[in-house]
C-alpha cells in the first residue's frame, strides 16, 4: 500500500529536522509559561537557543518512573499539564498508579496515522478490544478510528463467547487490541462454529508479536501491524507495509539515550526511548523517558523506507530499561510489588516472576515468608488482584533462597 496519511510522512529529512526544532522551541516556551513543573525544571533554559539536537540533549530527562511520586505530591498530574483540569476531557489511571490526561480535539493521541498505515479507511467498522475503564487505551484507539471516518464497536476486554457472537453478527473489517486476544477470539470462534472471516486488517500493541503468530494471522487472511505508544505521549512509532523498522510519528521528537542517563546513544545502538511531544499543548512532555529500550535503524535518518516514508525508524520494542514489565498488556511496577509486601508483614522478601509465552503470561509471586499456609496465599493473591489489577499465583520459597540482587520483578518469558 503506497498511500500516505499526509505529506509530512514523505518530506525531505532536512525539512523535517528544521520543522521539528521550530516546534521544539515553541513547545518548550509554552511548557515554561503554562506548566508549573516545567516552569521550574526549565527555568534557566532559553527556548530560542534550542537550535539543534545537541541543545535538546542538554535538557533534563523526566522519567515515567518518577510520575507516581510527582503526582502524589501535586495531584492529579504533578504540574506537568499546561491546561487546567477544566480544559481537559478525561483523567485516566494506569498501573503505578500513573494519571494521564485526555484533551479536547480530534485524535488527541495521534493514533490515526498508525491506523492508516495498517490499512484502516473511512467506512471501516473497527472492533476495539482495548479497555475503556481506568486506562485510556480504548479511547486512544477510538479517537484515531474516528479521525479516519471509521465506525467503532467498543468491545473492551473479556466475555470471549459474547465477543465471538458479536464478531459473527457485526462482520467488522478491522481489529484493534492485543495480538494474543485476537488469536483467542479467532480460536474460540472456530470452536463455537462461528469462524470470523470478515477481519482483514489489525492494529495491535501492548505486547510482542512473534513472527510465528503474525504468520498464523496471515494464513487466515489478516494483515497485522504493530504500533508503539504510551498513555502519556500517544503514538511514538508504527509499522507500515514494507518498512525496515517502525516509522517514528511526525508529532514527536524521539531520542535514544543511555539507559538511566541523558546523552544520546550512537546511531543503531540500544538505549532508552526518550520522547518530546511537539503537537500537544495540554500535556507538553519534554524529554520524557519512557523506560523502554529500542534503537534507531542505522542510517534511517538519511534514507527513506521502502514504503516511501522518510522519518527515522526504530528497531521495535527491545525490553525495559528498568524492572517495570508488561503482563497481559498492563504495566507492572516494582513499587506495586512493594505495596503487596507491605500489606503482609509475614513476607520478608518477594520476587514477581513472569513466565509463559507471549499471549499466555503467567505471573507468580515467590514469597519468603515466616509462614506459608493456604490462608496467607489466598490473602496475598487478593492483594495482587487489588494492587496490580491482574491475577497471579503465590508460591512460598525456602528462607533466604531468593537472590539478593535488588530485583523484585523478573521477566522469564519466552519470546521465540
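Rundown of residues vs (1) under 27 Å from residue 113 (Cβ atoms); (2) crowded, with 21+ Cβ neighbours inside 10 Å; (3) in contact with a helix residue (DSSP H, G or I) (Cβ under 6 Å, 6 or more places away or on another chain), yes/no style:
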residue	(1), (2), (3)
169	no, no, no
187	no, no, no
195	no, no, yes
211	yes, no, no
Study note, to complete from the structure: Scanning the range 335-388 for residues that are part of a loop (DSSP other than H, G, I, E, B) and touching a residue at least 60 places away in the same chain (Cβ under 8 Å), the one nearest to residue 412 (Cα to Cα) turns out to be 358
Point to revise | Hits in the range 390-414 (condition: at pLDDT below 90, part of a loop (DSSP other than H, G, I, E, B) and within 28 Å of the chain's Cα centre (by Cα)) | key: 405, 406, 407, 408, 412, 413
Review point. Do we find a residue being buried (at least 18 other Cβ atoms within 10 Å of the Cβ), assigned to a loop (DSSP other than H, G, I, E, B), in contact with a strand residue (DSSP E or B) (Cβ under 6 Å, 6 or more places away or on another chain) and touching a residue at least 12 places away in the same chain (Cβ under 8 Å) anywhere in the range 60-70?
Key: yes
Check your understanding: Going by the conditions given, is residue 289 over 17 Å from residue 227 (Cα atoms) and surrounded by fewer than 16 Cβ atoms within 10 Å (Cβ to Cβ)?
Key -> no
Check your understanding: Just to be sure, is residue 323 touching a strand residue (DSSP E or B) at 6+ places or on another chain (Cβ under 9 Å), under 25 Å from residue 398 (Cα atoms), surrounded by 17 or more Cβ atoms within 10 Å (Cβ to Cβ) and modelled with pLDDT under 85?
Key -> yes
Practice item. Test residue 41 against the criterion of being surrounded by 19 or more Cβ atoms within 10 Å (Cβ to Cβ) and either under 28 Å from residue 120 (Cβ atoms) or in the same structural domain as residue 299 (by TED's automatic domain parsing) (or both), and give yes or no. Key: yes
Check your understanding: Within the range 333-351, is there a residue that is modelled with pLDDT of 85 or more, closer than 26 Å to residue 214 by Cα and in contact with a strand residue (DSSP E or B) (Cβ under 9 Å, 6 or more places away or on another chain)?
Key -> no
**Study point:** Tally, over the range 295-311, of residues that are closer than 16 Å to residue 271 by Cα and surrounded by 23 or more Cβ atoms within 10 Å (Cβ to Cβ)
**Key:** 1
Review point. Which of the residues belonging to the range 109-155 are under 17 Å from the mean Cα position of the chain (by Cα), surrounded by fewer than 18 Cβ atoms within 10 Å (Cβ to Cβ) and on the phi > 0 side of the Ramachandran plot?
Key: 134
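The values are calculated or read from the model by the stated rules, or taken from the named source; none is laboratory data. Not measured: the values here are computed from a predicted model. A quick note on method: Cβ atoms are made from the backbone with ideal geometry, for glycine too, and the neighbour counts reach across all protein chains shown.
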